[in-house]
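Only one structure is covered here, and it is reproduced in the block below.
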Amino acid sequence: MWFMLFASLLFALFCSAEAQPGIFPNYYGPYAPNPTGQSEYCENMMDPGTYSLLWAHGPQENWDWQYLEYPLEMEPNMRYVLTYASFGEISIEESEDSSLTGYTVLCGRNQGPDELVISLEPSEEDGDEGDGTDPYDTITQ
């Protein structure tokens with residue numbers, strides 16, 4: 001009997017765990033080059049923290065994930081725009097955005113020749129994992 005109870009608890013635990021969008025191995029995108037009428041795509045607000053940023057481009061079967069050269073320290077109330085330029089370079093611009101109410105957001109701007117995908121990997125040395133609440137749920141409630 002204890003075995004059945006333990007097994008059902010484990011099953012419920014694993015079934016309720018959902019992968020977080022954009023957190024590796026999940027990704028944001030693919031973003032088409034030069035989106036019509038939209039200069040950038042912004043994703044869900046997230047807890048501030050230090051992340052390794054991975055990016056890839058082109059058709060999915062050819063993705064070769066590359067790390068940004070340095071960890072991205074995402075601060076509260078800051079908006080980060082990753083730009084994929086026409087010659088394949090990646091750059092990041094940051095700007096203050098008080099409407100984020102303590103959260104941060106990652107946006108993608110594709111000015112490159114093909115599709116772009118972005119993924120974040122939480123830094124292992126960053127002990128702050130947030131409180132687990134979804135900022136989108138907080139806003140819509």
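Test of understanding: among Asn34, Asn44, Asn62, which residue is modelled with pLDDT under 95, surrounded by fewer than 18 Cβ atoms within 10 Å (Cβ to Cβ), at negative phi and in contact with a strand residue (DSSP E or B) (Cβ under 8 Å, 6 or more places away or on another chain)? Walk me through it before giving the result.
Numbers: Asn34 fails: at negative phi; Asn62 fails: in contact with a strand residue (DSSP E or B) (Cβ under 8 Å, 6 or more places away or on another chain).
Going through Asn34, Asn44, Asn62 in turn, the sole match is Asn44.
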Where in region 42-113 are there strands (runs of 3 or more DSSP E), lying fully within it, with 1 or more residues that are over 19 Å from Ile23 (Cβ atoms)?
-> 49-57, 78-84, 90-96, 104-110
If a residue has to be surrounded by fewer than 20 Cβ atoms within 10 Å (Cβ to Cβ) and under 18 Å from Met45 (Cα atoms) to count, how many in region 84-106 make the cut?
-> 12
Selection from region 40-81 of residues under 13 Å from the mean Cα position of the chain (by Cα) and under 14 Å from Glu115 (Cβ atoms) yields Tyr41, Trp55
When you look at Gly127, is it under 15 Å from Asn34 (Cα atoms) and modelled with pLDDT under 95, yes or no?
-> no
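Looking at Tyr70, Tyr103, Tyr84 in this structure, which one is touching a helix residue (DSSP H, G or I) at 6+ places or on another chain (Cβ under 8 Å) and at pLDDT 90 or above? Break it down into steps so the answer makes sense when it comes.
Working: Tyr70 fails: touching a helix residue (DSSP H, G or I) at 6+ places or on another chain (Cβ under 8 Å); Tyr84 fails: touching a helix residue (DSSP H, G or I) at 6+ places or on another chain (Cβ under 8 Å).
Step by step, each of Tyr70, Tyr103, Tyr84 is checked, and only Tyr103 is touching a helix residue (DSSP H, G or I) at 6+ places or on another chain (Cβ under 8 Å) and at pLDDT 90 or above.
The values are calculated or read from the model by the stated rules, or taken from the named source; none is laboratory data. Everything numeric in this text was worked out from a predicted model, so none of it was measured. A quick note on method: Cβ atoms are made from the backbone with ideal geometry, for glycine too, and the neighbour counts reach across all protein chains shown.
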